[in-house]
């Protein structure tokens, strides 16, 4: 079908920059952008940002040694070279005269509620790499939450072969993010898809679906009440997310085929929801979890330890020794001991940061759905 | 399976801010973030950004009237209220003392090579809304480009029912982005998924798969040579992307079931690749296209107009009357007329911006795969 030709008008070509036509030889050049960060072969990294009028520019990230001052060079471009850094996926922010911001020349932005962080990688950690193995697919959805009366985002990882094996059903891991992040962060920064691909390829993990939800159920000022947010999030999870997932994906729908784990705020959510619903989740974890008054909020699970131990196949949580939340994790472990609730708790190296959480995922995923 | 309990150490709680424990009542409060942008019920919008040390802060976006100066208020928070604005999805940047940046309090960042732009919406354009209709799924992949010898991103929209109708095959629209953007932008800012969902629900468009690729084949300084980039992109498309898509998705693989259209740089790519491969793409479009020396680059199609007309089912392109590229579009139309190549060309309202491209998609999609 060819539509009729319609030539409404031929605009006059005005002088100056907008008169440039693309019908020329050589073609119109686009301005090169500042390259930042530039990761060098030796593991050093150069950051650059144009800021002609700035008086102080720094770059800070989740590497050892803290922020670095940048120095002003030609054309108002500030720069600093640091490292060499060991292999890792690094998060960092620029700070220009007191304003924390992403690196505006780096395409890799950390998905956040308030995005101030960029990401780069020093390659070399095999578990996080896109390797020559079968790959799963990351899918994004929006759904209308009847609980929260608004549109929400949902990210779902399906394992290699999901589309081809159209009869097979899979267990589901619910994987929760921290308070600064959103449902996209476990993929973009956490590399959950590569980690799952690689563990499955190595035969270390069962094939599973991973569901990443938006943990900020209550938005605005009321969102600062963490337990109110856990309650609203739990209702959205049970009423909206799980029915959506179990309707649209080929899921196994018994408790031994459902796991829940999260980091920081999401760890508080996963431990609270998981332990209060052992009939729904047999595998429960927490990474550097924000734990809220367990004697009160987990009373049901604590007081019926026999049932809790029977229904749970795994209760697992870890926290870094340099994490401000480590004392809470230890306290939770002691409370669980007092109530004779079986659990696997470990204090690890590290602080409250993504390098720790990626490692925890590599450790947690092989434990679940194993019987 | 319960792992053995391992308590490495119990950290002492140090005084000060890091001594805050989450095991308390009321739970630890998280700092409220600055709300920006705030869209009011009357269509006015308030932007806010904390920048204590700044001397000049402005906000500029794709609304009529250009940039607005912001004024400094309490706590070093700059703000301005503008509008009311008509319903639209708006892109905007803050500029703090000469540094263009995203709004660090707005979760909605435009996917770009060099991210400096945030997005918000004044609701009211039905075609762009998430409506109560059946919804497709957006899937993201990485693939190893053998052409370009690096890992690349790919975004794929599958229509409603794709997973359920496991035998059905679908035509494929290749939808290309502009030079500032990437393969995620047609979803995040272009709302291609909602537009497709809504057109299909209204019976205005055939069910189709939409493939959004990364148009920056050549990166770094050499990427400014647009025709070299088109050639490298074309090779990646034919050698890597299309085989990946046709292997992993249930596609119809004849030319009448393939369309290609893009905007700006992507329009130059879609017109060049489409017209040079009418044996592969029967439906070819360009939106505000960057057109590169058509007499040379499209010589094959122009000189065999009989074959070109026979193989093409649609050659469609549009450009806004206030777009600097409109003269090139008119010139291409005149060249096609000279060679008696059938085409549908229209100069529309608007300039070189996303509000125009979303409308073009709403117009283009119903035309393709219709016979």
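Under 1.5 on a/c is rounded, so check that first for the range B:65-212, then, if it is not, pick prolate when a/b is larger than b/c and oblate when it is not; a ≥ b ≥ c are the square roots of the alpha carbon gyration tensor eigenvalues. Intermediate results must be reported in sequence, preceding the final value.
Details: a/c = 3.12, a/b = 1.61, b/c = 1.94.
Cα axes put the range B:65-212 in the oblate bin.
For the protein assembly as shown, adding -39500 (n - 2.57) for each run of n ≥ 4 DSSP H residues and dividing by the number of residues yields -6000 deg cm²/dmol at 222 nm.
Each listed q (0.10, 0.13 Å⁻¹) maps to a log10 I(q)/I(0) for chain A from the Debye sum over equal C-alpha point scatterers, namely -0.72, -1.07.
For the pair residue A:42 and residue B:337, label points projected 7 Å from Cα toward Cβ lie 6.3 nm apart. Measuring between their Cα centroids, the range B:35-89 and the range B:302-327 lie 40 Å from each other. Each Cα pair under 8 Å and six or more residues apart adds its sequence gap; the mean of these over the residue count of the range A:38-124 is a relative contact order of 28 percent. Only bridges with both residues in the protein assembly as shown count here: give the DSSP antiparallel percent, nearest 5. Percentage antiparallel, nearest 5: 65. Per residue, the average separation of C-alpha pairs within less than 8 Å and at least 6 apart gives chain B a relative contact order of 11 percent.
Once C-alpha pairs closer than 8 Å and six or more residues apart are averaged by separation and normalised to the residue number of the range A:288-347, the relative contact order reads 45 percent.
For chain A, modelled as a Gaussian network with Cα springs under 10 Å, which listed residue fluctuates most, A:285, A:350, A:65? Judging by the Gaussian network model, the answer is A:65. Bridge orientation summary for the range A:120-269: considering DSSP beta bridges with both residues in this region, about 60 percent are antiparallel. Within the listed set A:342, A:167, A:307, the residue fluctuating most in the Gaussian network model of chain A (springs between alpha-carbon atoms under 10 angstrom) is A:167.
The alpha carbon centroids of the range B:252-270 and the range B:196-212 are separated by 16 Å.
Result for chain B in a Gaussian network model with C-alpha springs under 10 Å: among B:198, B:303, B:272, the largest mean-square fluctuation is at B:303. Angle of helix A:354-364 to the longest C-alpha principal axis of chain A, folded into 0 to 90 degrees and rounded to 10: 40°. Taking other Cβ atoms within 10 Å as a rough exposure proxy, A:354, A:63, B:186 sort from fewest to most as A:63, A:354, B:186.
The spread of Cα positions in the range B:255-308, taken along each principal axis and listed from longest to shortest, comes to 27, 27, 11 Å. With a/c under 1.5 counting as rounded, go ahead and sort the range B:192-336 into rounded, prolate or oblate using the C-alpha gyration tensor (a ≥ b ≥ c being the square roots of the eigenvalues; past the cut-off, prolate if a/b is larger than b/c, else oblate). Rounded.
One quarter of the convex hull surface built on the alpha carbon atoms of the protein assembly as shown amounts to 31.6 nm², the projected area averaged over directions. Principal-axis analysis of the Cα atoms of chain B puts helix B:326-338 at an angle of about 20° to the longest axis. Based on the Stokes-Einstein relation at 4 °C and a viscosity of 1.567 mPa s, and on the Kirkwood radius from alpha carbon pairs, the range B:38-123 is assigned a translational diffusion coefficient of 99 µm²/s. Sorted ascending by nearby beta carbons within 10 Å, beginning with the fewest, B:112, B:287 become B:112, B:287. The DSSP beta bridges internal to the range B:127-367 are antiparallel in roughly 35% of cases.
The fewest-to-most ranking of A:132, A:204 by surrounding Cβ atoms within 10 Å reads A:132, A:204. Helix A:226-236 and the longest principal axis of the Cα set of chain A meet at an angle near 90°.
Across the range B:226-275, the volume of the C-alpha convex hull divided among the residues equals 74 Å³ per residue. Taking the Cα atoms of the range B:257-371, the ratio Rg/Rh between the radius of gyration and the Kirkwood radius comes to 0.94.
Every number here is computed from the coordinates shown, using simple stated rules; none is lab data. What you are looking at is a predicted structure, and each value in this text was computed from that prediction instead of being measured. Heads up, the Cβs are rebuilt from the backbone with ideal geometry, glycines too, and the neighbour counts pull from every protein chain shown.
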